[in-house]
1. Using protein chains only and a probe of 1.4 angstrom, how many square angstrom of GLU310 are accessible, to the nearest 10?
2. Based on the Kirkwood radius over alpha-carbon pairs, what value in µm²/s does the Stokes-Einstein equation return for the translational diffusion coefficient of region 541-601 at 37 °C and 0.692 mPa s?
3. Collect residues whose amide H, placed 1.01 Å from N in the peptide plane, falls under 5 Å from the amide H of LEU33; neighbours closer than 5 in sequence don't count.
4. Beyond a 24 Å Cα-Cα separation, which of these cross-linked pairs lie in this structure: LYS354/LYS393; LYS222/LYS494; LYS16/LYS77; LYS232/LYS481; LYS56/LYS120?
5. Amide H neighbours of HIS556 under 5 Å, at least 5 residues apart or on other chains, H built in the peptide plane: list them.
6. Hey, can you grab everything whose amide H is under 5 Å from the amide H of ASN572? Only 5+ residues off in sequence or another chain; H modelled, so Pro and N-termini drop out.
7. Please go through the residue pairs LYS305/LYS334; LYS415/LYS437; LYS305/LYS446; LYS277/LYS437 and name each one whose alpha carbons sit more than 32 Å apart in this structure.
8. Using only protein heavy atoms and a 1.4 Å probe, report how much of GLU411 is accessible, in Å² to the nearest 10.
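The values are calculated or read from the model by the stated rules, or taken from the named source; none is laboratory data. Note that the structure is a prediction, hence the values are computed from the model and not measured. Heads up, the Cβs are rebuilt from the backbone with ideal geometry, glycines too, and the neighbour counts pull from every protein chain shown. Surface accessibility is based on the protein's heavy atoms, side chains included, excluding ligands, DNA and RNA. Shrake-Rupley method; radii C 1.70, N 1.55, O 1.52, S 1.80 Å.
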Amino acid sequence: RCHTMEERANLMNMMKLSIKILIQSALSLGRTLDSDFPPLQQFFVVLEHCLKHGLKVKKSFIGQNKSFFGPLELVEKLCPEASDIATSVKNLPELKTAVGRGRAWLYLALMQKKLADYLKVLLDHKHLLSEFYEPDALMMEEEGAVIVGLLVGLNVIDANLCLKGEDLDSQVGVIDFSLYLKETQDSDGKQDGGITAVLDQKHYVEELNRHLSCTVADLQNKIDCLEKTNSKLQEELAAATDRIGSLQEEQQQLKQQNELIRERSEKSVEVTKEDTKVELDTYKQSRQGLDEMYSDVWKQLKEEKKIRLELEKELELQIGMKTEMEIAMKLLEKDTHEKQDTLVALRQQLEEVKAINLQMFHKSQNAECSLQEKTEAISSFEGKTNEMMSSMKQMEKRLQQAEKARQAAEERCNKMKQELAGKLNSCRQQMAQLDSKCSTLEKELKSEKEQRQTLQKELHQEKDATTLLKTELQQMEGLKKELRKLQDEKQQLKKVREEQEQALQEMGLHLSQSKLKMEDIKEVNKALKGHTWLKDDEATHCKQCKKEFSISRRKHHCRNCGDIFCNTCSSNELALPSYPKPVRVCDNCHTLLLQQCSSNSS
């Protein structure tokens, strides 16, 4: 607990100094800050250390994970305004780790000038933070509220940070104490004492040993997890191979079923084609019969037209006879009443003739378009009857004039009545014959309509059969698509199997590399136990050339032995096991390390 309290106090002091230096340097420059600005970089490094303090280690499928991006994701749920930051961070393709996403989230929050607000929302919900942090972590104690209060002062700064093109995943957050040393030289003695306490030799060595022990434990846990995952992947490979075999058998069965369905569909299509051919032949034969019936009906209509022409001639003869009667009617004044009765009877007969003609007209309309000529003849006949009506009206006028001379023409009228009665009877007989012919024609039309209805029903049945065939074809296409999907799934399973084999090979490589790193770490521990890191105040001369340090001749630590040298005596650089990148090394250590490398290689 004392150790964590010291860590919290040190991080608190570092945070105060970094915010103070950042605000002073930004106000002195008087412009928007870029991502290359050193005080801004140091501020983010210190803030990252503060957020990492007391984080719980989460175990995953690959290994142990310890990232500060988890609590930052809660801000999106608690504060809807932060949803834009979360979506923009997720849409950045170059970010592959949680550390890189967390750094990008901090950059965007600083540019929005809402970093303090978002962290304050997190601190207000400490029951949610307890899932990510230990109880004695900095964010769970009062220091977290103090840091949020300090971050409010950063709203004065305008920052323009470019996230594209920067490798946020692999950046190493190292605190540069030279900035804080310059600040402490200009500030009070209390701050100088606090920073020198942070740079104490004992704390540095203890922290290094603690970090190394943690990394060794993490690597051992990773090795155990990798062995477990290797066994699981082998089991999954066996299950995948069994599944592939079963899928191949199912594919063969589906192919056989597909062939059977194809044969059945082809046979059904051939049968339907033959049926349609037979039905077309029957339809053609029925059409020829209908054409012959139509020609017969047409001939009958022509004969009826001839009969009507003869009737019209007879009517003209009657009109001539009536003109003769007009001369005789001048003498018939006494028998006007009897002739008026006969005229009423004639009018009734004419009305019956008109009604019969109208019935014939309506019946002829129900026939097909080929009977149009017949309707024209009926209309002409109606025109003639109208002319007869007009002539009858003229006859009535003349009858009134002939009332005076009707007594002399009584005998002639009687004779004419007998003749007219005989002719009317003949006309009625002819009209009855025409009615019988029309009834026969109507029966034939009904039979033709019934035949057409049967043909239409057969056509509907053929359409239903075609729709059934179409549905079967669609089912065939669906089966083809399912076969294609199964083939695609087979290819995907093959790809997954290849990827898993590659992953196993890569895991073996990682295991070998981790073992090498373990050996390097052990060598570093042995080297650190024998060397001590000299303080800057203890060395006044270079250990090799014995020259005194000055403003022009500055001090440099050797990262291998920990002694202090000048620039000329420590100009070499080598990659040490504790440092993945090349670092400054003195001449003696350079020669010794080269000899060790040559001996190891031999």
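1. For GLU310, solvent-accessible area is about 110 Å².
2. Answer, rounded: 272 µm²/s.
3. Distant-sequence amide H within range of LEU33: ASP158, ALA159, ASN160.
4. Violating the 24 Å limit, Cα to Cα: LYS222/LYS494; LYS16/LYS77; LYS232/LYS481.
5. PHE565
6. The list, which skips near neighbours in sequence, is VAL585.
7. Result: LYS305/LYS334; LYS415/LYS437; LYS277/LYS437 exceed 32 Å.
8. Rounded to the nearest 10, the figure is 140 Å².
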